[in-house]
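Peer 1: My questions all concern the structure below.
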Amino acid sequence: MSIPQSFIQELLSRVDVVDIVGRYVPLKKGGANFMGLCPFHGEKSPSFSVSPAKQFYHCFGCGKNGNAISFLMEHAGMGFVEAVQDLAQQVGLQVPDDDISPQEKERAAAARQKQATLTDVLEKAAHAYRQHLRASTRAVAYFKGRGVSGAVAKRYGLGYAPEGWRSLASVFAHYDDPLLEESGLVIVSEEDGGKRYDRFRDRVMFPIRNVKGECIGFGGRVLGDDKPKYLNSPETPVFHKGRELYGLFEARTAIREQGYALVTEGYMDVVALAQLGFPNAVATLGTACTPEHVQKLLRFTDAVVFSFDGDAAGRRAARKALDGALPHASDTRSIKFLFLPPEHDPDSFVRAQGTDAFARCIGDAVPLSRFLVEAASEGCDLGTAEGRAHMASNARPLWSALPEGVLRRQVLSDLAQLAQLDAHDLADLWGKSAAQEAARQPA
């Protein structure tokens, strides 16, 4: 999508960089400019300056600078087009695109309006859940029992959905509003004459935010032994599990400061780790890690550590995360896999062994290249020709998913050594196999 430079200039003349930055960074007037703590590096004294006259920001500590568009790209992890569209929507401008028909433009505008309306509905529910948490001794006791402080609960917007089938009827004047169903807050029964009831009942609530900080869905955890233990919002126009990561909005600054993102398996892992000194943790939303997840994380950092429980389920989840990470494993990126003892999750491990021990585990995590070889070798007897051939067969699709570069060639060399073949011979064999498979595909 090509956006004319003239439109970019008009857009930047309409937006106020102080307003845009101020949504993410607390700013105070200091002479002609506004000052705040830099969101791009850790500091205790404000060195981040935003100029309303120049419509420009600059950090005197780390040197980061730019306009409203670059701020959304750098801080919120948006792409260029996404940042332009976001700003244009805020000031009521239509981004020009000659390749789109008037009908498609109209549909796109309607979709953006629907998304904005749904996030407003979800924000209102999130506010109500936060209010309910204060009134629920059981829910407060649960979070206190997990060591969660009031400050961390506030940072993540934690809440509580009370018992009862229609508690949201006291929050929304029109409980039959279709938006409540579209947002995933209310279920409409097909078998009981269209009876409506709250999706989340008697659960502690974890609001899921996009990179702009808008509430797009929820995760809810039961307080007792009911099933399912965790319940997510369904797929909606604003919420797609395969693209979103819980806690990314809250962790984005810490990810930059710590130099890596820590990917865990659950909401409570993220909140507990933030409490215990690891605020750079995020979690997938009850689904396998996808290439979209990895791509989104790599907008904020070049280093990602996946943390999994050491049981069989954790190994399976790690294997799926490997598939998601391979296409993005370029030469300048570090992707690792951490396996905890089977009896521990990250929260319990840190409480039992301490933060230093967990930090050492992160440092000793398995590099992607080694985990690829381990995954390919699983179940193969490398002491036999058959086992080595089986390993090579397993490795081929994994290796093929890697982007071109030095890492890809080094992994090929490692695999060839295990297979007791020359690297060129192995690559030639795989190339011929790929060509034969392509020839067999229907035209």
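The values are calculated or read from the model by the stated rules, or taken from the named source; none is laboratory data. Since the structure is predicted, the reported quantities are computational estimates derived from the model, not experimental observations. Cβ sites come from the backbone with ideal geometry, for glycine too, and all protein chains shown count toward neighbours.
Peer 1: Among the candidates GLY431, GLY379, GLY354, GLY383, which residue alone is out of contact with any Asp or Glu (no Cβ under 9 Å at 6 or more places or on another chain), free of Cβ contacts under 8 Å to residues at least 60 places away in the same chain and within 30 Å of PRO279 (Cα to Cα)?
Peer 2: GLY354
Peer 1: Would you mention how many residues in the range 101-145 are of a type in the set (D, E, K, R), surrounded by 15 or more Cβ atoms within 10 Å (Cβ to Cβ) and either modelled with pLDDT of 95 or more or closer than 17 Å to PHE206 by Cα (or both)?
Peer 2: 3
Peer 1: Can you name the number of the only condition in (1) part of a loop (DSSP other than H, G, I, E, B); (2) touching an Asp or Glu at 6+ places or on another chain (Cβ under 9 Å) that ASP331 fails?
Peer 2: Among (1) part of a loop (DSSP other than H, G, I, E, B); (2) touching an Asp or Glu at 6+ places or on another chain (Cβ under 9 Å), the lone unmet condition for ASP331 is (2).
Peer 1: LEU231 fails exactly one of the following numbered conditions: (1) of a type outside the set (Lys, Arg); (2) crowded, with 23+ Cβ neighbours inside 10 Å; (3) part of a strand (DSSP E or B). What is the number of that condition?
Peer 2: (2)
Peer 1: Please tell me if ASP414 is of a type outside the set (Gly, Ala, Ser), modelled with pLDDT under 95 and surrounded by 12 or more Cβ atoms within 10 Å (Cβ to Cβ).
Peer 2: For ASP414, the condition - of a type outside the set (Gly, Ala, Ser), modelled with pLDDT under 95 and surrounded by 12 or more Cβ atoms within 10 Å (Cβ to Cβ) - is not met.
Residues are listed down the side, and each one gets a yes or a no for (1) modelled with pLDDT of 95 or more; (2) of a type in the set (A, V, I, L, M, F, W, C); (3) touching a helix residue (DSSP H, G or I) at 6+ places or on another chain (Cβ under 6 Å):
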| site | (1), (2), (3) |
| --- | --- |
| HIS174 | no, no, no |
| GLU190 | no, no, no |
| GLY194 | no, no, no |
| PHE200 | yes, yes, no |
| VAL204 | yes, yes, yes |
| ILE208 | yes, yes, no |
| GLY217 | yes, no, no |
| ASP226 | no, no, no |
| LYS229 | no, no, no |
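Peer 1: Among the residues of the range 340-381, what is the count of those that are of a type in the set (A, V, I, L, M), part of a loop (DSSP other than H, G, I, E, B) and under 27 Å from ALA435 (Cα atoms)?
Peer 2: Within the range 340-381, residues that are of a type in the set (A, V, I, L, M), part of a loop (DSSP other than H, G, I, E, B) and under 27 Å from ALA435 (Cα atoms) number 0.
Peer 1: Right, another one. Which one is farthest from MET268 (Cα to Cα) among residues in the range 281-339 that are of a type in the set (Asp, Glu) and surrounded by fewer than 22 Cβ atoms within 10 Å (Cβ to Cβ)?
Peer 2: Only one residue fits best here, namely ASP331.
Peer 1: Six or more apart or on different chains, Cβ atoms under 9 Å: show the pairs whose first residue is in the range 404-425 and over 16 Å from LEU382 (Cα atoms) and whose second is acidic (Asp, Glu) and not in a helix (DSSP H, G or I).
Peer 2: Every condition considered, the pairs that remain are GLY405/ASP331; VAL406/ASP331; LEU407/ASP331; ARG408/ASP331.
This table checks each residue for (1) surrounded by 13 or more Cβ atoms within 10 Å (Cβ to Cβ); (2) touching a Lys or Arg at 6+ places or on another chain (Cβ under 6 Å); (3) in contact (Cβ under 8 Å) with a residue 40 or more places away in the chain.
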| site | (1), (2), (3) |
| --- | --- |
| ARG155 | yes, no, yes |
| TYR160 | yes, no, yes |
| ARG199 | yes, no, no |
| VAL204 | yes, yes, yes |
| ILE208 | yes, no, yes |
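Peer 1: Give me a count of the residues in the range 5-23 that are touching a Pro at 6+ places or on another chain (Cβ under 6 Å) and over 13 Å from GLN85 (Cα atoms).
Peer 2: 1
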